[in-house]
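S.K.: Sharing a structure with you now.
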Amino acid sequence: ILFSCGMALLVVRFWLSRNVQWKKGFTFHAAQFFIYAIIIGTIGSILNNAIEDYNLRFISSGIIDFICTSLIALILTIKLFLIINQFEKAQVNKGRDVTSTRILAR
C-alpha cells in the first residue's frame, strides 16, 4: 500500500511538472489529500500492530491514533487553504474586485 501510494504521488508530481498548462486544481488537491491520508493511516496501523506485538509500554495505540488523526486534520486544513487561495486568484483573474474577492475567500 505504501509503495503504491508513493508511486501515485510520484506520477502526479511528474505529470504536473510535464504539463505546465494544467494547474493544481481541486482534483489534484483532493487526490493528494487522500493519498496522504492512506499513507498516514497505513503507517498508524503498522505502528499499532508493532505496539501490540512487542508489548511496548512507553507509547500507547491511542497516542498513535491521535497523532495520525491530527496529521490528517493538519493536511486537510492546508489543502483547504490552498484551494481557497486558488479560488481567490481565479476570481481576480476574471476581473473581480480584489478586496471583495479576499473578503469572500476568507
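S.K.: Starting from the range 7-36, take each residue that is surrounded by 11 or more Cβ atoms within 10 Å (Cβ to Cβ) and modelled with pLDDT under 80 and list its partners that are outside any loop (DSSP other than H, G, I, E, B) and of a type outside the set (A, V, I, L, M, F, W, C), counting only C-beta distances under 9 angstrom and pairs at least six apart or across chains.
M.R.: LYS23/GLN86; LYS24/GLN32; LYS24/GLN86; GLY25/GLN86
S.K.: With the requirement that a residue be small (Gly, Ala, Ser) and modelled with pLDDT under 80, what does the range 70-106 give you?
M.R.: Step one: of the range 70-106, the residues small (Gly, Ala, Ser) are 70, 73, 90, 95, 100, 105.
Correct list: SER100, ALA105.
S.K.: Any residue in the range 65-77 that is polar (S, T, N, Q), in contact with a helix residue (DSSP H, G or I) (Cβ under 8 Å, 6 or more places away or on another chain) and either over 30 Å from ARG102 (Cβ atoms) or surrounded by fewer than 16 Cβ atoms within 10 Å (Cβ to Cβ) (or both)?
M.R.: no
S.K.: For GLU52, all conditions in the list (1) exposed (fewer than 11 other Cβ atoms within 10 Å of the Cβ); (2) assigned to a helix (DSSP H, G or I); (3) out of contact with any helix residue (DSSP H, G or I) (no Cβ under 8 Å at 6 or more places or on another chain) hold save one; what is the number of the exception?
M.R.: Among (1) exposed (fewer than 11 other Cβ atoms within 10 Å of the Cβ); (2) assigned to a helix (DSSP H, G or I); (3) out of contact with any helix residue (DSSP H, G or I) (no Cβ under 8 Å at 6 or more places or on another chain), GLU52 violates only (3).
S.K.: So the check is Cβ under 9 Å with 6+ separation or different chains; which pairs have a first residue in the range 44-64 that's within 21 Å of ILE1 (Cα to Cα) and acidic (Asp, Glu) and a second one that's at pLDDT below 95 and exposed (fewer than 11 other Cβ atoms within 10 Å of the Cβ)?
M.R.: Note: no pairs meet the criteria.
S.K.: With respect to SER45, determine if the residue is assigned to a helix (DSSP H, G or I) and at pLDDT below 80.
M.R.: On the way: assigned to a helix (DSSP H, G or I): yes; at pLDDT below 80: no.
No.
S.K.: Residues that are under 23 Å from ALA8 (Cβ atoms) and either of a type in the set (Gly, Ala, Ser) or touching a Gly at 6+ places or on another chain (Cβ under 7 Å) (or both): does the range 82-95 have at least one?
M.R.: Filtering the range 82-95 down to residues under 23 Å from ALA8 (Cβ atoms) leaves 82-83, 86.
Filter again for either of a type in the set (Gly, Ala, Ser) or touching a Gly at 6+ places or on another chain (Cβ under 7 Å) (or both), leaving none.
Among the residues of the range 82-95, not one is under 23 Å from ALA8 (Cβ atoms) and either of a type in the set (Gly, Ala, Ser) or touching a Gly at 6+ places or on another chain (Cβ under 7 Å) (or both), which makes the answer no.
S.K.: In the range 72-102, how many residues are among the charged types (D, E, K, R) and within 14 Å of GLN32 (Cβ to Cβ)?
M.R.: The qualifying residues number 1.
S.K.: For the range 36-90, which positions are over 20 Å from the mean Cα position of the chain (by Cα) and polar (S, T, N, Q)?
M.R.: Listed by number, the residues that qualify are ASN48, ASN49, ASN55, SER60, SER61.
The values are calculated or read from the model by the stated rules, or taken from the named source; none is laboratory data. Because the structure is predicted, anything quoted here is derived from the model rather than measured. Cβ coordinates were reconstructed from backbone atoms using ideal geometry, including for glycine residues, and neighbour counts include every protein chain displayed.
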